[in-house]
Amino acid sequence: MAEAAAKRSRQGEDALRPPDGMASTYRLNDGREMPRLGFGVYRVPKGERCYRAVSAALAEGYRLVDTARLYGNEADVGRAVRESGVPREAVFVTTKVQDSDHGFREALAAGRRSVERIGLGYVDLLLIHSPGRKRGRIVETYDALLALQRQGLVRSVGVSNFGLAHLEALEKAGRPLPAVNQIEMHPLAYAEPARQDVLRYCAERGILITAYGSVFSGHRDKLGLKPLAKMAKVHSKSPAQVLLRWALQKGFQVIPKSVHSERIRENAALFDFSLSADEVAALDGMEGDLDEYWNPLGWPVDLGDVGEKPKDCRITAEAALACASSSSSSGSESGDSTTTLSSTSS
């Protein structure tokens, strides 16, 4: 009886274990591991649709979910993870602090609220969603992420949509390097000079690039472009799979999104083929209109009041909750920058 029970337990564990390729990870510059393939929920409607999509992705073997306070579906992501049967420590959860929550006190409170909404005890990666068009305060905001990390609410910290000047500002301010910079990246964006500057900087410093918009930023009309269509035919894969495979072979982490189970499955089938060096080079040099979600890489750099934080960055839970209450009553969750971000960003 005991042997039969143990066998059933092992079978259950095996059923929850992702396929070998999907289980592969990148080592971040802080020593933690991040899955190469993740599941994004940008523009996935909150509620049951998001819950079902994330549940399907986890059942398929995805072990990273990328959400944001801006998307409005953090709670659904957390619920899907909790009810999946997959151990918490086996799922990597990313979320983000949005523009209207920039600033030390604001970001500290916003990050804590995100952790509470997700309801998993901690998040694996917290990003600054963008450098901010009007009120960036990026060093001040980054200090809040570091404080949350020291509290144990966040495992790794990073940024999103940061250009070269923003990254250099953090480094010159003496802050630890971000573990990740999440930017729009696909062959039609790859050669853009501003993105090449970011890629070089991040490669030199071990900052992992998470590529969003990998399938031409949702412009499916471009999936028939040559040489992409030819490669898809040669490998008996879809154009989307070729684009995602290109990103993986460039060393990027990817977060494709869908609410359709067949496409969720298709987007995961990336580890049974490889592109040749010539095919990768052809996609690197692919020409066409650059259809971006947006491009904050060149936005102005605003460091913020870097003297506002306590020197040791240690903030008590009570202080963070007080910040949350204060921010909520002051209306800090609304503003022009949020409107701009919510209409365009990933």
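FYI, it's all coordinate maths here, none of it is from the lab. Owing to the predicted nature of the structure, the values given are computational and were not obtained by experimental measurement. When we count neighbours, we look across all protein chains shown, and the Cβ atoms used for this are built from the backbone with ideal geometry, even at glycine.
The HN-Hα couplings worked out from phi for the range 74-84 by the Karplus form 6.51 cos²θ - 1.76 cosθ + 1.60 (θ = phi - 60°) are 4, 4, 5, 4, x, 4, 4, 5, 4, 9, 7 Hz, whole numbers, x standing for Gly and Pro. Considering every alpha-carbon pair of the range 140-187, the percent of pairs per 10 Å bin, from zero through the bin containing the longest distance, is 24, 53, 20, 3. Rg of the Cα atoms in the range 14-323, relative to 2.2 N^0.38 Å, amounts to 0.97. Phi angles across the range 65-72 convert, under the Karplus curve 6.51 cos²θ - 1.76 cosθ + 1.60 with θ = phi - 60°, into 3J(HN,Hα) values of 10, 10, 10, 6, 4, 4, 6, x Hz, Gly and Pro given as x. What number comes out for the charge environment of E89, summing +1 per Lys or Arg and -1 per Asp or Glu over other residues with Cβ under 12 Å away? Neighbour charge sum, excluding E89 itself: +2. Scaled against 2.2 N^0.38 Å for its residue count N, the alpha carbon radius of gyration of the range 57-127 is 1.09. Close amide H partners of V97, meaning residues 5 or more places away or on another chain with modelled amide H under 5 Å apart, are L127, I128, H129.
The amide H of T210, built 1.01 Å from its N in the peptide plane, has N181, Q182, I183, Q253 as neighbours under 5 Å, considering only residues 5 or more places off or on other chains. Scalar couplings 3J(HN,Hα) for the range 166-172, obtained by applying the Karplus form with A = 6.51, B = -1.76, C = 1.60 to θ = phi - 60°, are 5, 5, 5, 5, 5, 5, 5 Hz; x denotes Gly and Pro. Past 27 Å, Cα to Cα, is the threshold; run K226/K257; K226/K250; K134/K257; K96/K237; K96/K172; K233/K257 against it and keep the listed order. Listed pairs above 27 Å: K134/K257; K96/K237. The alpha-carbon atoms of the range 16-74 define a convex hull whose volume equals 89 cubic angstrom per residue.
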